[in-house]
1. Which percent of the accessible area of the chain is formed by carbon and sulfur heavy atoms (probe 1.4 angstrom)?
2. Which of the lysines could be linked to K181 by a straight reach, that is with a Cα gap under 19 Å, when you skip same-chain ones fewer than 8 residues away?
3. From zero up to wherever the largest Cα-Cα distance of the stretch 142-202 sits, split into 5 Å bins and tell me the percent of pairs in each.
4. Accessible area per residue, 1.4 Å probe, Å², for the stretch 101-153: what's the number?
5. Do the alpha carbons of any pairs in K38/K66; K34/K198; K66/K256; K12/K256; K66/K194; K12/K198 sit beyond 19 Å of each other, and which pairs?
6. Thinking of the stretch 210-256 as a set of Cα atoms, what percent of all their pairs are more than 17 Å apart?
7. On alpha carbon coordinates alone, what is the Rg over Rh value for the stretch 94-219, Rh being the Kirkwood radius?
8. When Lys and Arg each count +1 and Asp and Glu each count -1, what net charge do the other residues less than 14 Å away from M18, Cβ to Cβ, add up to?
Amino acid sequence: MKNRLSKVISPKTGKTVMLAVDHGYFQGPTTGLKELKKAIEPLIPHADCLFITRGMLRNCVDAQTKIPIFLRVSGGPSVLKEDLSDEHITTSMEEALRLNAVGVGMSIFVGGENESRTIANLGELVNEAEPSNMPVLAITAVGKEMARDARYLGLACRMAAEQGAHIVKTYYCENFKDIVKSCPVPIVIAGGKKIDEKDALQMARSAIDDGAVGVDMGRNIFQSDSPVGMIKAVNAVVHENASVDEAYQIYEKEKK
């Protein structure tokens, strides 16, 4: 397990830049990922890990690529459904091992209608993963009526850790340090919806300063007007301790 995690979280910096491209599992061909293979090929060299579904891994990622894979193993409802919490485990541990994944990930919906099931799913996934020493990433999905604040996200992150998740993905918010302190496993932040590039870099900078081990960012990279410039800029923040202004200059240079 330590070997697998070391492929994702750099032993040199203790940080990670994960590229999330699993959005199609409930959004379909979302903006920026309509041609997934074309979109991710120039980004892969600059990511520490790819978070992706098995179908896209099989069809859109070169078998010779050396990028570590965290596999999305949950799914169910689409954006057409009002309740996105109605998820199930859809990919087996045997499949994850067959695909040479270094980890598996799923969402939990604390406060959602199917909260109990998703928490139980996480527990079962950890049970299946432990014999193979497979790390589990828990993603704290936010319900429509749930505020993205430290109280709610702290609850969700702690519940994920209590069930045995080895890494937790959550949103950055005010008093983020309190979430990190109460969660004994590494936390990466989600990029969330597309925002201005400088604002996204500031969010990454603040999260790292407050104790996150990195980012699992998607839309703020592949929906940028310079995806390669943006992922290079995020790398500078996460791995090189660059300031927001220094990172933004990297993005601007690549954009030009």
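The values are calculated or read from the model by the stated rules, or taken from the named source; none is laboratory data. Just so it is clear, the model here is predicted, and its values are computed rather than measured. For neighbour counting, all protein chains shown are included, and Cβ atoms are generated from backbone atoms with ideal geometry for every residue, glycine included. Protein only, heavy atoms only, side chains kept; ligands, DNA and RNA dropped before computing areas. Shrake-Rupley method; radii C 1.70, N 1.55, O 1.52, S 1.80 Å.
1. On the way: 5580 of 11940 Å².
Percent of accessible area from carbon and sulfur atoms in the chain: 47.
2. Output for K181: K15, K169.
3. 4, 18, 29, 23, 17, 7, 2, 0
4. Values: 2240 Å² over 53 residues.
About 42 Å² of surface per residue is accessible.
5. Numbers: K38/K66 17 Å; K34/K198 25 Å; K66/K256 29 Å; K12/K256 31 Å; K66/K194 28 Å; K12/K198 26 Å.
Going by Cα-Cα distance, K34/K198; K66/K256; K12/K256; K66/K194; K12/K198 fall outside the 19 Å limit.
6. Numbers: 314 of 1081 pairs.
Tail of P(r) above 17 Å: 29 percent of Cα pairs.
7. Details: Rg = 14.5 Å, Rh = 14.9 Å.
The Rg/Rh ratio comes out at 0.97.
8. Computed value for this residue: +3.
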